[in-house]
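Engineer: Provided herewith is a single structure, encoded as structure tokens, for subsequent inquiry.
The values are calculated or read from the model by the stated rules, or taken from the named source; none is laboratory data. These figures come from a predicted structure and were not determined experimentally. Cβ coordinates were reconstructed from backbone atoms using ideal geometry, including for glycine residues, and neighbour counts include every protein chain displayed. Surface areas here come from the heavy atoms of the whole protein model, side chains and all, with no ligands, DNA or RNA. Shrake-Rupley method; radii C 1.70, N 1.55, O 1.52, S 1.80 Å.
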Amino acid sequence: MNLREWSLVFFTILGQMSVGSFLVLGVAHFFASRKKGVEAADRLSDLALLAIGPVLILGLVASIFHLGNPTNAYRAVANFGQSWLSREILFGVIFAAVGGLYAIMQWRKLGSTAIRVVIGWIAAIVGIALVYSMSKIYMLETQPVWNTLMTPVSFFTTTLLLGGLAVGAAFVANYAYVQRKDPGCADAQCELMRDSIRWIAIGSIVLLGIELLTLPIYLGYLAADGGVGAASIGLMIGKFSWVFIFRLILAFIGAGVFGLFLYQTALSPGREKVMGNLTYAAFVFVLIAEIMGRYLFYATHMQITI
Amino acid sequence: MSDKNYLTEALNETVVSRRSFLKWSAVVGGTASLAGGLHLGLEAVEAAAEAQEDPGKWIMAACWHNCGGRCPNIALVKDGVVVRQKTDDMHPDSPDYPQQRGCARGRSQRQQVFGADRIKYPMKRKNWAPGGGQKELRGKDEWVRITWDEALDIVASELIRIRDTYGQASILTPRFESRLLNAWGGSMSSWGVSSEGAFPLPNALMAGYGNAPNDRMTYRKSRLVVLWGSNPSVSSAGNPAYNYRQAKLAGAKFIFVDPYQNQSSQALADEWIPVRPGTDTALLLGMAYHMITNDLQDQDFLDKYTVGFDRNHMPEGADPKENFKDYVLGTYDGEPKTPEWASKICGTDPMTIRHFAQEVATVKPMVWSSSWAPARTFRGAQYCQAFYTVGWMTGNVGIDGGSVGPSAHSGASYGGSSLIRAGSGGLPGVANPLAGGVSLGYGFSAPENTEFNGMAYEEMWDAVLNGEYHATVRGVIPCNIQMIYVIRGGTGSNSLNQVGGINKGIDAFRKVEFVCTNDIVLSTVSKYADVVLPAQTPWEDPYGGFLGLNVEGLLYYSQITEPLFEAKSEEWMEMELAKRLGLDPNELYPVSEAQVVFNQLAGATVAKMDGSSMEPLVTITAEDIAAFGGDVVGEPQTGRISYQEFKERGLYTVPRAPGDAFEFIANKAFRDDPEANPVRTASGKFEIHCQALADKTNAYGFIELPPVAKYVPPAEGVEETYVDFEGGEKGEYPLQLYTIHYHRRSHSVFNNILQLREAFPQEMLMNPIDAEPRNIKHGDTVLITSRHGKVLRKVSVNPLIVPGVVTLGEGAWVERDDETGIDHAGATNSLNGTQLTGQGEEPWNTCVVQVEKWDGEPVLDDARWPQRIPIKEA
Amino acid sequence: MAKQLAFYFDSTACTDCKACVIACKDRSSLPVGVNWRRVYQYVGGSWMPSQYESRTMVPINVFSYSLSIACMHCEKPLCAEICPAKAITKDEQGIVAIDTSKCIGCRYCEWACPYDAPQFHEELGVMTKCDFCKDLLAQGGNPACVDACVMRCLHYGELEELRAKYGSNVEIAPLPRADITLPAFVLTPHKSAQATGEGTGWLDNLPEEL
């Protein structure tokens, strides 16, 4: 693994996390406004929304490092008609632009709510298209280890898992801010935060379940493939065995164990401090696990070649 | 310019002017890039744009190496820099009249000539002083640039001082002789055989020089071709493998006998007979047993054309019991040389031996051919004796499609005398006054002489270290070598690297008072020197020169570039030294460089198409002579092609067609009428029993050779991989090592070329059966240990090599870590010791080793090693 | 039907000498690490003790053969399809070439090609590969590798003509399946040749050679 492949790890992780956060925020905001009104919902999610931008930009910058000739980078969208890589770049740029526009409009309360909602939807759809394009890039016939359903499944799982926990962490941080800035709203915000985190915890456990269930099916498929597939497994349980094992342990602890406790602590008020720490811990564990998982994705791929 | 873009241009046609090449290469120093190569940035791009105007000129360049080939390499020169090369494309290619296509090595020459690692200036070791200074730093000292005057003064003064203090014979010229020193009183010389192994004396005394192969066209009439120990794709690069292929396509069956199913066999072999190195003699005896007990030998041929096969056909005065047949049958020693007996030694299955013998005896006409490799073994003469004997038993001599004898190097598949050759340069030789009046050196064959000063190649380092050497009939005599002088022509003669016992050699280099060399790059012998003089390559020869290809071609190469940096010719160096030694340089070189080349040109001859005689090749007019330069003198003459045409093309190859006058068949006259046309042996016949060979060989004092082929276990042969050969318990060195020619190099030349290091990684070959118990996997780094040294290499684990045998390419430049004693480059002579055998041939192919997995840092890819750039300044 | 240039390789005559590799590197001044043409040596077989002599081993189907491969100039070039910068195009002669002035160096084509044809050039930061020496062809010459081959086993011509003459099966180990990109390549297999996917041998090359 070298600079080039690390840059792809961070680009895809940060990019997917950005899309996931945007989607989760959209859902959280929708239900929060139903419960406590738009203003409370905005107070819950606006700052978190703004935080997505820099993360996405960081991811895009990381991706430049995998280019051998970055001065030509603007050409990357030229083959939109045929290449999923061109499409990914284009969707990425559009998502950043539209999502950024939405974030600014939300922050500054520009335009009517209706218009902002439409723009938000557009950004969300483009974001989904972005993650979809990312997964399609790897679905090449010469990459049997990547050319399976597992790729889009794991990309979207990562998107929602990281997106959810990132939003949870952002809400916790936001609550601390609100407590200082606007103590009067604290209780309402606390309730919204706990509601959100409760659902995020449920979601994390479910998504962890998906990850753990699809993994043996995927490994079985690779083993049956013989040749390149079996060689890839050889790497996973051989040279990279510790990465493989730790990635699962961290994910299990972060999304599973912490997720469960998170659900518990989010059920009733009074345990916000513990809940907050658990949220941060879960996010960090799962982020590291996902980075390790993505590292494995690149490190153990084996190509059909001579 | 259409769909080309500027970067593609830069990739293909980058040109740097000579001025900027010199400036740039000095600055960039450490990279491999070179003029005409790839650069970053706009400079290259602009240069490329300019260069579009100059289409460049294709000029025939020299490929001057001892590779078994020598081929046309033509350089495209733009603005004084070579941007790329091509090979022969001067006439349409066909099997009958093929283009002479060059190999990967010659095609990399522009990197050799223009590489960033060229030695640019005379230089001396920082910690050198008269007498040696810190001699222990030879090989790892810093280099300091000095002027030519200073360098020449040092060399001359050390020559004088050492000669005056220790005598003329204290100056060793290893593996060559120096014209200058010969004129100045001589030098301690050296002798023996390298390439041909033990073959020279058997060729002369057993076969009477009737050992040449037939012309390549006749191979197409063979039904069977046996190639023993041969890998022509590597060792006879150029057309031999392609010529053999024509025989195959015409229906000949090919059998390869080798410890390794080599690359040439991919394209040629129908069958591979595996055999352990150094045991070919046993295999041959087992075959002979099968032939004799089934009465398959060509008895008529043996009776009429040979002596010594059986007790009824012995030469005059020979003991009738000493006949070959009775030895094979075990009549007197009680040990019949059955295929089972042979198999235990040679590792070839007994049934395979029987089938092989059956085929060889019964399929006619057959080419029975060997390289010299099986004779580069301890007691290698026994192989030659057995090889000739079994070949003659089949009677395939002097017939169309049949021949018996070694066929290697540039002679592989090319029998007959040269159809084209350059004239004599006219420069008289200068004999070495210390040579005792005989031809000392390669192939020295006068062991009876009692005056010569010189030791076997394999004894040079011992002689330096121990102060004595074996002088054939005189026994051991003393010597006191205090200088090693390697100012020689060409880039070869890398003796410290190419003679067995490198570790001893390094000690020897560090013992003497002075070591000087000339070189184009810092090869081994220069790395361990005190003073190194920058040498020209033939690409810089001002008047060009001549190189023979195979028998069918003559190459007239031209100057490609002015001498680079401060490089000079050997002639210039010797003339300058001559002045300082009180000799007249014009007496030393009474014929100028230009005149020598002109003489070769004017005297060049080519066979008439009817094969009757040779005729002048070149038409030369008075204008041509005047325009030649160098004030040459000569007479106009008429020949086959004009001087202008020959100079432009740089190559003349004799057109061939099947049935032409050049289908030489070796020994045909002898076969047709042995009385009228005896071979040049004592008896006039092929000598299976050859007392002359035994006597001559024994006179060297190294081994006792019987007059017929017998198997005597060689030192460091398969027997020595066992503690107890009979019992079968393996010893400390359980594997046999033999050393192949390797395609990265021509011996040690080209070892520094990065793209060749990449294409040919200098890997050791090992069978999975030997790798598995050692937990060695393909691509691992392994430590190879012999009695004489240790080497680190990556290994290729593959089934193509006989179990129990490993091989490594000879010629890598030793890169020894003095602390651990381990050579990281894999120089095979770090593993080969110094052994005295036969007529002084070097027995590289008998060596025993152990191989272990290396747990330390893996060896870095050879192509990624830093280049040896001794002085990094402009 | 449009013309499609193709290499023809006679694997029965190749001795792994790599003159083709070096001729190509020299022609385009390629550095270490960039090999537009590569020679792959495929080996296999095993050894068993002799029935007659216990210390003697007998080779069982020990074989080797070499394949010289550059770019297949595929009929369905996946590299051209997926290149985001549209830097790879197929011309009217069927030659697939990289326009290095457009390349962004993302190396996606390297992932797409089953033949290892696109080679990353570290100094320039772009992908490069065999372009059939199209500028030499335009001058009436031949690709450098073809003129270099010492055993005369590397040739080129029009794909369908070559197929008619030599056959169209190129699924020979160690080459991959042909249906991924439809290589424009014709091959005469070695007598020991094994089929793609059914090979019992392995590549003998050390990684740094390729």
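Engineer: So what is the 222 nm mean residue ellipticity for the protein assembly as shown from helices alone, if each DSSP H run of at least 4 adds -39500 (n - 2.57) and you divide by all residues, rounding to the nearest 500 deg cm²/dmol?
Structural biologist: Value at 222 nm, helices only: -11500 deg cm²/dmol.
Engineer: Moving on. Please go through the residue pairs B:Lys120/C:Lys134; C:Lys76/C:Lys165; B:Lys321/B:Lys696; C:Lys102/C:Lys165 and name each one whose alpha carbons sit more than 28 Å apart in this structure.
Structural biologist: Over 28 Å Cα-Cα: B:Lys120/C:Lys134; C:Lys102/C:Lys165.
Engineer: Moving on. Rounded to the nearest 0.05, what FRET efficiency is calculated for A:Thr305 and B:Asp270 with R0 set to 35 Å and r the Cβ-Cβ distance?
Structural biologist: That pair, A:Thr305 with B:Asp270, gives E of 0.60.
Engineer: Could you check the simple spin-label distance between B:Lys608 and B:Ile871, using points 7 Å along Cα→Cβ, in nm with one decimal?
Structural biologist: 5.7
Engineer: Can you tell me the accessible area per residue over the stretch B:578-647, all protein chains present, probe 1.4 angstrom, in square angstrom?
Structural biologist: So the stretch B:578-647 comes to 49 Å² accessible per residue, rounded to a whole number.
Engineer: In straight Cα distance, which lysines are under 28 Å from B:Lys730, not counting same-chain residues fewer than 8 positions off?
Structural biologist: Counting by Cα, and skipping residues close in sequence, B:Lys730 has these lysines nearby: B:Lys337, B:Lys344, B:Lys504, B:Lys710, B:Lys777, B:Lys790, B:Lys794, B:Lys853.
Engineer: When the accessible area of each residue in the stretch B:243-288 is compared between its chain alone and the complete protein assembly (1.4 Å probe; ligands, DNA and RNA ignored), which residues differ by at least 50 Å², being lower in the assembly?
Structural biologist: By number: B:Arg245, B:Gln266.
Engineer: Quote the relative contact order of the stretch A:1-62 in percent (integer), defining contacts as alpha-carbon pairs under 8 Å separated by 6+ residues.
Structural biologist: Relative contact order for the stretch A:1-62 comes out at 52 percent.
Engineer: Over chain B, with a single point scatterer placed on each C-alpha, what log10 of the ratio I(q)/I(0) does the Debye formula yield at q = 0.04, 0.06, 0.10, 0.11 1/Å?
Structural biologist: Result of the Debye calculation: -0.18, -0.41, -1.21, -1.47.
Engineer: So how strong a dipole does the protein assembly as shown carry about its Cα centre when Lys and Arg Cβ are +1 and Asp and Glu Cβ are -1, to the nearest 20 debye?
Structural biologist: Computed about the Cα centre, the dipole is about 4540 debye.
Engineer: About the Cα centre of the stretch C:5-205, what is the dipole size in debye to 20, counting +1 per Lys and Arg Cβ and -1 per Asp and Glu Cβ, all else neutral?
Structural biologist: 200
Engineer: Also, I was wondering about something else. Restricting to DSSP loop positions (anything but H, G, I, E, B) with no more than 13 other Cβ atoms inside 10 Å of their own Cβ, which trypsin sites (Lys or Arg not before Pro) remain in the stretch A:200-306?
Structural biologist: Answer in residue order: A:Lys239.
Engineer: Here's a follow-up. Roughly speaking, what is the stretch gain from B:Glu468 to B:Ile160, that is 0.36 nm per residue apart minus the C-alpha to C-alpha distance, in nm to one decimal?
Structural biologist: Gain on stretching B:Glu468 to B:Ile160: 108.6 nm.
Engineer: Any chance you could check the Cα centroid distance between the stretch B:353-375 and the stretch B:767-793 for me, in angstrom?
Structural biologist: Cα centres, the stretch B:353-375 to the stretch B:767-793: 33 Å.
Engineer: Accessible area per residue for the stretch C:5-205 in Å², computed with a 1.4 Å probe and the full protein assembly in place, what is it?
Structural biologist: Accessible surface, normalised per residue, equals 32 Å².
Engineer: Could you compute the FRET efficiency for B:Ala626 and B:Asp54, with r as their C-beta to C-beta distance and R0 at 30 Å, rounded to 0.05?
Structural biologist: E(calc), rounded to 0.05, equals 0.55.
Engineer: So, in Å, what gap is there between the alpha-carbon centers of the stretch B:653-722 and the stretch B:276-331?
Structural biologist: The stretch B:653-722 and the stretch B:276-331 have Cα centres separated by 14 Å.
Engineer: Which aspartates and glutamates have a Cα less than 15 Å from the Cα of C:Lys3, not counting those fewer than 8 places away in the same chain?
Structural biologist: The qualifying aspartates and glutamates are C:Glu75, C:Asp91, C:Glu92, C:Glu158, C:Glu160, C:Glu161.
Engineer: Rounded to the nearest 100 Å², what's the accessible area chains C and B bury against each other, both chains counted, probe 1.4 Å?
Structural biologist: Approximately 6000 Å², summed over both chains.
Engineer: May I pose another question? Can you work out the accessible area per residue across the stretch A:3-299, with the rest of the protein chains kept in place, probe 1.4 Å, in square angstrom?
Structural biologist: Spelled out: the 1.4 Å probe surface of the stretch A:3-299, per residue, equals 44 Å².
Engineer: For the pair A:Thr113 and B:Val144, how long in nm is the line joining their label points, each one 7 Å along Cα→Cβ?
Structural biologist: Using points 7 Å along Cα→Cβ, the separation is 8.9 nm.
Engineer: Expressed as an acute angle from 0 to 90° and rounded to the nearest 10, what is the orientation of the C-alpha long axis of helix B:502-511 relative to the principal long axis of chain B?
Structural biologist: Approximately 50 degrees, to the nearest 10.
Engineer: Per-residue accessible area for A:Val228 at 1.4 Å probe radius, Å² rounded to 10?
Structural biologist: Looks like 40 Å² after rounding.
Engineer: May I ask for the accessible area buried between chains C and A, both sides summed, probe 1.4 Å, to the nearest 100 Å²?
Structural biologist: 2600
Engineer: Among B:128-138, B:747-757, how do they line up by average Cβ neighbours within 10 Å per residue, starting with the highest?
Structural biologist: For the peptides B:128-138, B:747-757, the packing ranking is B:747-757, B:128-138.
Engineer: OK, next. Could you check the spin-label model distance between A:Asp182 and A:Leu58? Points 7 Å from the Cα along Cα→Cβ, value in nm.
Structural biologist: 2.6
Engineer: Same structure, new question: Do me a favour and compute the ellipsoid semi-axes for the protein assembly as shown from its Cα gyration tensor, root of five times each eigenvalue, largest one first, whole Å.
Structural biologist: 67, 36, 32
Engineer: Can you give the % of DSSP beta bridges in the protein assembly as shown that are antiparallel, to the nearest 5?
Structural biologist: 60
Engineer: Something else: Other chains' Cβ within 10 Å of B:657-666 residues: what's the mean?
Structural biologist: Whole-number average of other-chain Cβ neighbours for B:657-666 is 0.
Engineer: Report in % the part of the accessible area of the protein assembly as shown that belongs to carbon and sulfur, leaving out ligands and nucleic acids; probe 1.4 Å.
Structural biologist: 57
Engineer: Among the Cys residues of chain C, which have no other cysteine Cβ under 4.7 angstrom away?
Structural biologist: C:Cys14, C:Cys17, C:Cys24, C:Cys74, C:Cys83, C:Cys103, C:Cys106, C:Cys113, C:Cys133, C:Cys149, C:Cys153
Engineer: At a cut-off of 40 Å², which residues of the stretch C:84-100 become less accessible once all protein chains are present than in their chain alone, using a 1.4 Å probe?
Structural biologist: C:Pro84, C:Lys86, C:Thr100
Engineer: If you don't mind, there's one more thing I want to ask. Does chain A classify as rounded, prolate or oblate by the C-alpha gyration tensor (a ≥ b ≥ c root eigenvalues; a/c under 1.5 gives rounded; else a/b over b/c gives prolate, otherwise oblate)?
Structural biologist: Note, shape of chain A comes out oblate.
Engineer: Could you please state, rounded to a whole Å, how far the C-alpha centre of the stretch A:226-295 is from the C-alpha centre of the stretch B:853-867?
Structural biologist: Taking the Cα centre of the stretch B:853-867 as reference, the centre of the stretch A:226-295 is 39 Å away.
Engineer: Give, ordered by residue number, each residue of the stretch A:267-306 whose 1.4 Å probe accessible area is reduced by a minimum of 30 Å² on adding the remaining protein chains to the chain alone.
Structural biologist: A:Gln303, A:Ile304, A:Thr305, A:Ile306
Engineer: Taking a threshold of 22 Å on the Cα-Cα distance, which of the pairs B:Lys124/B:Lys511; B:Lys221/B:Lys304; B:Lys124/B:Lys872; B:Lys253/B:Lys685 fall above it?
Structural biologist: In this structure, B:Lys221/B:Lys304; B:Lys253/B:Lys685 lie more than 22 Å apart at Cα.
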